[in-house]
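J.: Input: one structure, supplied below.
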Amino acid sequence: MLNLLPERLDRVLLLGAHCDDIAIGAGGSLLELCRAHSGLAVSVLVLTGGGSLREEEERDALTSFCPGARLEITVLDLPDGRVPTRWERAKLALQELRNVPDEPDLIFAPSLHDAHQDHRTLAELVPTVFRDHLTLGYEILKWEGDLRQPSVYLPLAEPVLREKVAKLHEHYGSQRDRSWFDAEAFGGLARIRGVQCHARYAEAFHVSKMVLGVAPLTGSVPVD
């Protein structure tokens, strides 16, 4: 098992189709990373929910999920469920993020195989804009039954998982009546992913491409 995250993170990019996607898919990881890397710059783009109660929920939630981070949040007002018809605006928003001076060290985004049309459209756009970046595709449990075997795991201590679930219920009141939005669903998936990486709980991610760099050994002798 390899630890492939950089020792120092300076900027993380969070991408979601809907308010709550990021927190559900990577909330525990955000809590761990923001506490481990003080002053982390976190940029967020969410495609739908702008100008509504859901935007208010998202801003409060991500502030809570990113303790100590320098947080910038953009929530667009693309129509929920019809992001594929607004492809150009979504791509322009991603390109605006790409044009900032500081490159992201890590990107969280939906997985390419996600069956929801909004999630999938965003996932397909990400590598067309961020071609050389480590992108972790998070998973969201839902009725479509689209979960696949992940390849990257971030173990979570039980207190962190409990904190994640508590924050989800605290901040996303508009979603509490959804059949999949409960502690058993969130904890059950985290327990399965934990078993798969020899931990109690974990969040898991999908990677479509990764480039490994090997540093030369100090004092090594060149071969003629």
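J.: Which residues, counting only those in the range 104-126, are within 21 Å of Tyr153 (Cα to Cα) and touching a residue at least 40 places away in the same chain (Cβ under 8 Å)?
T.: Pro104, Asp105, Leu106, Ile107, Phe108, Ala109, Pro110, Ser111, Leu112, His113, His119, Val126
J.: Now a separate question. Quick check on the range 157-171. Is at least one of its residues within 23 Å of Arg86 (Cβ to Cβ), aliphatic (A, V, I, L, M), at pLDDT 95 or above and in contact with a Leu (Cβ under 6 Å, 6 or more places away or on another chain)? Break it down into steps so the answer makes sense when it comes.
T.: Going residue by residue through the range 157-171, those that are within 23 Å of Arg86 (Cβ to Cβ) are none.
No.
J.: How many residues does the range 197-224 contain that are surrounded by 13 or more Cβ atoms within 10 Å (Cβ to Cβ) and either at pLDDT 95 or above or among the aliphatic types (A, V, I, L, M) (or both)?
T.: Step one: list which residues in the range 197-224 are surrounded by 13 or more Cβ atoms within 10 Å (Cβ to Cβ), which gives 197, 199-208.
With the extra rule that they be either at pLDDT 95 or above or among the aliphatic types (A, V, I, L, M) (or both), the set shrinks to 197, 199-207.
So the count comes out to 10.
J.: Select from the range 110-150 the residues that are of a type in the set (S, T, N, Q) and in contact with a strand residue (DSSP E or B) (Cβ under 7 Å, 6 or more places away or on another chain) and list them in ascending order. Give the steps one after another, and end with the answer.
T.: Applying the first criterion (of a type in the set (S, T, N, Q)) to the range 110-150 yields 111, 117, 121, 128, 135, 149.
Scanning the range 110-150 gives Ser111, Thr135.
J.: Turning to a different aspect of this structure: Go through the range 151-183 and count every residue that is under 15 Å from Glu58 (Cβ atoms) and either of a type in the set (Ser, Thr, Tyr) or touching a strand residue (DSSP E or B) at 6+ places or on another chain (Cβ under 6 Å) (or both).
T.: Number of matching residues: 2.
J.: State all residues of the range 104-133 that are in a helix (DSSP H, G or I) and either surrounded by 13 or more Cβ atoms within 10 Å (Cβ to Cβ) or touching a Cys at 6+ places or on another chain (Cβ under 8 Å) (or both); if no residue qualifies, say none. So that I can check it myself, show each step before the final result.
T.: Of all residues in the range 104-133, those in a helix (DSSP H, G or I) come to 117-129.
Correct list: Gln117, Asp118, His119, Arg120, Thr121, Leu122, Ala123, Glu124, Leu125, Val126, Pro127, Val129.
J.: If you don't mind, another one. I'd like the residue in the range 175-196 that is part of a helix (DSSP H, G or I) and of a type in the set (D, E, K, R) and, out of all such residues, is surrounded by the fewest Cβ atoms within 10 Å (Cβ to Cβ).
T.: Taking the range 175-196 and keeping what is part of a helix (DSSP H, G or I), we get 175, 183-195.
If we keep only those that are of a type in the set (D, E, K, R) as well, we get 184, 191, 193.
Details: Glu184: 9, Arg191: 15, Arg193: 21.
Checking each candidate, the answer is Glu184.
J.: Those residues that are surrounded by 17 or more Cβ atoms within 10 Å (Cβ to Cβ) and within 14 Å of His171 (Cβ to Cβ), I need them from the range 47-70; list them, please.
T.: Those that are surrounded by 17 or more Cβ atoms within 10 Å (Cβ to Cβ) and within 14 Å of His171 (Cβ to Cβ): Gly49, Arg54, Glu55, Glu57, Glu58, Arg59, Ala61, Leu62, Ser64, Phe65, Cys66.
J.: Continuing with the same structure: For the range 143-174, name all the residues that are over 16 Å from the mean Cα position of the chain (by Cα), crowded, with 18+ Cβ neighbours inside 10 Å and either more than 18 Å from Leu31 (Cβ to Cβ) or of a type in the set (Ser, Thr, Tyr) (or both).
T.: If the condition is that a residue be over 16 Å from the mean Cα position of the chain (by Cα), crowded, with 18+ Cβ neighbours inside 10 Å and either more than 18 Å from Leu31 (Cβ to Cβ) or of a type in the set (Ser, Thr, Tyr) (or both), then Tyr172 is the only one that fits.
The values are calculated or read from the model by the stated rules, or taken from the named source; none is laboratory data. Quick caveat: nothing in here was measured; it's all calculated off a predicted structure. Reconstructed Cβ throughout: ideal geometry from the backbone, glycine too, with neighbour counts over all protein chains shown.
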